Every structure is written in structure tokens, then in C-alpha cells.
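Trainee: Below is the structure I would like to discuss, written out as C-alpha cells.
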Amino acid sequence: MAEQQEQAAPDAMMTRIGQVVMLHHGGDREEARGRFLDLWGEIGEDGDPLHRCTLAHYLADTQDDPADELAWDLRALSAAEELTDGGGVEPHQSLAARAFYPSLHLNLAADYVKLGRSEAARSHLRRARGAVGALGDDRYGDGVRAAIGRLELRLDGDGPSDGAPGEGPGTVEGPGPFGGPGSFGGPGSHGGPGGETLGPPRQRP
């Protein structure tokens, strides 16, 4: 019974995160931010790294200040690194987390562009490009690679300085490696409301 409860708990938290993601995508940004912060308080700084990665990733998208967005994206990256450093996490979580890196570094590159820190943006963009081997040959993978290409062009001065809403250089539309729209799918994924699963890259409402 205890083992079943331990297995159910992560699914319950991911479902709750997913419900707030849906609220955010419905346009209630302030309410979503408050609920995300409540969930962060429950998870804690030392909580499940998959939960922290996913929640910090989506919390970044609710921030008004680019510096705050960067801080949450850095938390998401740090949690993902915990999933891949072999520190006692399940092997399937480590494998799945490797598919997070292109999107996580892409988001960080876009953050640094907003802050006028082009060298830091280029550094994370190189890391995003170097991690694309973990992506599948599917709509999600194609979307991430295309978004990396758009930001590369922008940093080289050959692309638009601003994208349309939802179509910026760091935005990826469509299914992710966890399954549902703007989400992650694959080994070790956790179900959200309606059966979808969650993770980077995020979609801007």
C-alpha cells in the first residue's frame, strides 16, 4: 500500500501542475502564478526534481520581469541536472530529462536576449544545439530545432528582432517529449489532466 501511495503521489502533483497550466493557457496569468507558487511551497527546494523542473519551467512563463523569468528557468535547468547526474533518480527519469535540455537551454537563451546579454544567450544556444541529438524525429523535435534556428538567425542579425505572440524565437508549439500540447512525453512521463503529460517547452498563451 505504501509503495502504491508513493507511486501515486508524483502523478497527483503533475496533475495539479497541469491544471494550473491549463488555467494559465486560458488567460488567467496572475491566478496561475499564485497557484504555481503555492505548489512550489509544497514541493520545496529539495523536492522531487522532476516536479521542480516542470513547475519552475512553467513559473518562468508567468513572470513580468525578464530577470525573474531567468531565475525560474535557471531553477528548471538545475532540477533537470539533478535528474541526469545519476544521483539516485530512476533511470527512466534520467533518460527522459535529457530530452528537456534543448528546450531548457533555448528558453535560457531567449531570456538572456531579453536582458541584452548576447554572449550568455549564444552560450546557451550552443548548448541547446549540442543537445538536439536527444530529440526525436517528430513534430516536437522539429519545432525545437526550428526555434533554435530562428534564435541563431536573430543573434546573427539576420532574423526579426521580435516575434509575433506565441511565435517568438524561443517558443515551440505542438506536442513535446512528454505528450500533450506544449508538454513532455516519453519514458517516465507523468500524466496530467485529460491524460496529457507535462514538461518543457512551454507555450505562451
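Trainee: Sort 17-25, 35-43 by the packing proxy (mean of other Cβ within 10 Å over each peptide's residues), most packed first.
Mentor: Ranking, from highest mean packing down: 17-25, 35-43.
Trainee: OK, next. What ranking, highest mean first, results for peptides 52-65, 113-126 when packing means the other Cβ atoms within 10 Å averaged over each residue?
Mentor: 52-65, 113-126
Trainee: Remind me, relative contact order of region 19-70 in percent, using alpha carbon pairs under 8 angstrom and six or more residues apart? Before the final figure, lay out each step's value.
Mentor: Numbers: 32 pairs, mean separation 15.3, N = 52.
It rounds to 30 percent for region 19-70.
Trainee: For q = 0.13, 0.32 Å⁻¹, what log10 I(q)/I(0) does region 19-70 give under the Debye formula with an equal point scatterer on each alpha carbon and no solvent?
Mentor: -0.28, -1.27
Trainee: Right, next: Label points 7 Å out from Cα along the Cβ direction at residue 65 and residue 146: separation in nm?
Mentor: Inter-label distance under the simple model: 3.5 nm.
Laboratory data are not the source of any read-out in this text; all were calculated from the coordinates shown. Here the structure is a predicted model, which is why all the values come from computation and not from measurement. Ideal geometry is used to build each Cβ from the backbone, glycine not excepted, and the neighbour counts take in all protein chains shown.
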